[in-house]
Ligand SMILES: [Zn+2]
Ligand SMILES: [Zn+2]
């Protein structure tokens, strides 16, 4: 059965969407092949071009926009964005005060991109907050000074409204954007060489104070050491846990 408008818009149907797109392309190619085949004189024709097979991947239905699993993923991603953004901001702030920073606290170039990204994130979050306030006839968003606290407030507000937002047909772009922001911020915490803080909680003391060292190991302030493999396994485990807790 092809993808219909009641299919979940989330990643659960990602493979099915790709399969159906490929099928559509193959169907087009098959129609052309049939035309070419018919144009040939009968005796020269090879075997009749075989039509492509329809994808058989199951389609998950939205309820009505997202299925429960993808709604949970979006909620977990929004939580994670708050944590990761705070971590990136803390990295910039910590670096500013440190001796390796630029002149008189001027942000290093890699930090400019973090600051810009967090600014863009804040703009995207509050845009949705404003739109949703309008949809629901809520009072307008209170004036907040931009910064980590304002971002946390905006995310907290959205999390409080999230169940209802995700039932709205207009939430498709928002949900996909949240997942995209999650990937983007994750990539930033990994790729920023100046930011040595890891987003994981230490498996020993459970604090978020694990840093990447120059030798490729990770070390917590409590002294616990992790190699890259252990660190990544811990990262995945905690992300899964996070998704379950916020489910
Ligand atoms: Zn889904
Ligand atoms: Zn520790």
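Laboratory data are not the source of any read-out in this text; all were calculated from the coordinates shown. Here the structure is a predicted model, which is why all the values come from computation and not from measurement. Cβ coordinates were reconstructed from backbone atoms using ideal geometry, including for glycine residues, and neighbour counts include every protein chain displayed.
The simple spin-label model puts a point 7 Å past each Cα toward its Cβ; for residue 138 and residue 26 those points are separated by 4.6 nm.
If you look at the Cα atoms of the range 196-247, you get an Rg and a Dmax of 11.0, 37 Å.
Measuring r between the beta carbons of residue 225 and residue 83 and using R0 = 22 Å, the FRET efficiency lands at 0.45. Please report how far the C-alpha centroid of the range 184-234 lies from that of the range 29-52, rounded to the nearest whole angstrom. For the range 184-234 versus the range 29-52, the Cα centre distance is 59 Å.
Each label was represented as a point 7 Å from its Cα along the Cα-to-Cβ direction; for residue 211 and residue 120 these points are 2.9 nm apart. When the P(r) is computed for the chain, the part past 34 Å accounts for 37% of the Cα-Cα pairs.
The calculated 222 nm mean residue ellipticity attributable to helices in the chain amounts to -20000 deg cm²/dmol, summing -39500 (n - 2.57) over DSSP H runs of n ≥ 4 and dividing by all residues.
Taken along the Cα-to-beta-carbon direction at a fixed 7 Å, the label points for residue 113 and residue 180 span 1.8 nm.
Going by alpha carbons, how many degrees (0 to 90, nearest 10) lie between the helix axis of 148-165 and the longest principal axis of the chain? Approximately 40 degrees, to the nearest 10.
The protection proxy used here, the mean number of other Cβ atoms lying within 10 Å of each residue, ranks peptides 43-54, 218-229, 199-210, 67-78 as follows, highest first: 67-78, 199-210, 218-229, 43-54.
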